[in-house]
Amino acid sequence: MGSYVLRRLVLAVPVLFGVSIGVFLMIDLVPGDPATVLAGDTAPPEQIELIRHELGLDQPLPVQYALFLERLLHGSLGTSIRSGREVMTEILDRFPYTLELTLAAITISTLVGVSAGVWAAVNRGRGGDHLTMGLAILGLSIPSFWTAILMVILFSLTLHWLPVAGAGTWQQLVMPALALSLPSAAVKARITRASMLEILGQDYLRTARAKGLRERVVVLRHALKNALIPIVTLVGIQVGAIIEGAFITETVFSWPGIGRLAVQAIPSQDYPVVQGVVLVSAISYMLSTLVVDLLYAWLDPRISYVSAAA
């Protein structure tokens, strides 16, 4: 198991290197000049050149990248052009809110999606199956930002049940988490149903029923555990999609996470903040895939043995 984890960590190093190159090149790929933005449009050329020199933008691209890596190794992502604060400080102030929203959305989507998928598989071809899959298609068809707007109109402006925006209480978390989780729950329901239908026809489940085990035990203890690997894969993949969706959802609900921070930084051409948010999001996604790999080995120990042998 230890060698399996070590191998996954080693494989993550070149991926991190590639991510750092992509994040660094953002400044050259997007229009605009950070020095001009920082100095102002009316600043004289001499002042702009001085700022370019202070930022290292007058150096060759490899030198700029080396300076960028040096700052990263020292835990620095630069200084925000808009606020003048350390980018790492701004991200650390906002990241707990995004983490809270992401974990809530993943928990809701997993509980709802897996439960709905198991229910649909057990009731295959019946009314419950058709209703569940119909709702799943509906959930996939509606973008999360549109769901967020509808929730604001219904639960805040019409029924006055939940606050429109902000963070800090569970009432303020409900609508953003639901808006983010519904599309993911729909995908999990469909994948769970397909995986369960494949497992439910296996011989060992018929043997378990023949031994007199209750149907609930057969479904939840034997069938569901063996159907979890594709579901776990999907959860790991959807972490990236949920973080991406949080950019819009956080803006709709004024949720003070890193997604809203990036949306606020883009119009002001605050490149260091955008770079920092993209880098943190990529690292978060990589960590989620590592957790998925570890769950693979826990669900099926043969996976770690095969990986070690390869």
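The values are calculated or read from the model by the stated rules, or taken from the named source; none is laboratory data. Here the structure is a predicted model, which is why all the values come from computation and not from measurement. Every residue, glycine among them, receives a Cβ derived from its backbone with ideal geometry; neighbour counts consider all protein chains shown.
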Checklist entry - From the list LEU99, LEU72, which residue is within 30 Å of ALA179 (Cα to Cα) and either in contact with a Ser or Thr (Cβ under 9 Å, 6 or more places away or on another chain) or surrounded by 15 or more Cβ atoms within 10 Å (Cβ to Cβ) (or both)? => result LEU99
Checklist entry - Can you pull out the residues in segment 82-96 that are assigned to a helix (DSSP H, G or I) and over 13 Å from VAL280 (Cβ atoms)? => result none
Checklist entry - Which of the residues spanning segment 51-66 are surrounded by 15 or more Cβ atoms within 10 Å (Cβ to Cβ) and either in a helix (DSSP H, G or I) or at pLDDT 80 or above (or both)? => result ILE51, ARG52, LEU55, GLN64, TYR65
Checklist entry - Here is a list of conditions, (1) touching a residue at least 24 places away in the same chain (Cβ under 8 Å); (2) hydrophobic (A, V, I, L, M, F, W, C); (3) over 21 Å from GLU250 (Cβ atoms); (4) surrounded by fewer than 23 Cβ atoms within 10 Å (Cβ to Cβ), and ILE149 meets all of them except one; can you say which number that is? => result (3)
Next on the checklist: For segment 253-268, which positions are surrounded by 19 or more Cβ atoms within 10 Å (Cβ to Cβ) and outside any loop (DSSP other than H, G, I, E, B)?
Outcome noted: ILE258, GLY259, ARG260, LEU261, ALA262, ALA265
Checklist entry - When segment 9-21 is examined, which residues are found to be touching a residue at least 12 places away in the same chain (Cβ under 8 Å) and of a type in the set (Gly, Ala, Ser)? => result ALA12, SER20
Checklist outcome for this item: Taking segment 216-225 and keeping residues farther than 27 Å from ALA105 by Cβ and either buried (at least 19 other Cβ atoms within 10 Å of the Cβ) or not basic (Lys, Arg) (or both) leaves VAL217, VAL218, HIS222
Next on the checklist: Filter segment 158-179 down to the residues that are aliphatic (A, V, I, L, M) and modelled with pLDDT of 90 or more and list them by number.
Outcome noted: LEU159, LEU162, LEU173, VAL174, MET175, ALA177, LEU178, ALA179
Item to check | Count - residues of segment 280-296 that are of a type in the set (Ser, Thr, Tyr) and either surrounded by fewer than 16 Cβ atoms within 10 Å (Cβ to Cβ) or not in a helix (DSSP H, G or I) (or both) | outcome: 0
Checklist outcome for this item: (1) in contact (Cβ under 8 Å) with a residue 40 or more places away in the chain; (2) under 22 Å from ASP93 (Cβ atoms); (3) in the same structural domain as PRO143 (by TED's automatic domain parsing) all hold for TYR271 apart from (3)
Checklist entry - When TYR271 is evaluated against the numbered criteria (1) farther than 13 Å from THR98 by Cβ; (2) out of contact with any Pro (no Cβ under 6 Å at 6 or more places or on another chain), which criterion, by number, is the only one it fails? => result (2)
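Please verify whether LEU213 is surrounded by 19 or more Cβ atoms within 10 Å (Cβ to Cβ) and at negative phi, treating the condition exactly as stated.
Details: surrounded by 19 or more Cβ atoms within 10 Å (Cβ to Cβ): no; at negative phi: yes.
No.
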Checklist outcome for this item: Residue pairs qualifying under the 6 Å Cβ cut-off, at least six apart or on distinct chains, with the first in segment 190-207 being surrounded by 12 or more Cβ atoms within 10 Å (Cβ to Cβ) and the second being assigned to a loop (DSSP other than H, G, I, E, B), are SER195/ALA227; MET196/ALA227; ILE199/ALA227
Item to check | Test for MET133: is it surrounded by fewer than 19 Cβ atoms within 10 Å (Cβ to Cβ), more than 17 Å from the chain's Cα centre (by Cα) and part of a helix (DSSP H, G or I) | outcome: yes
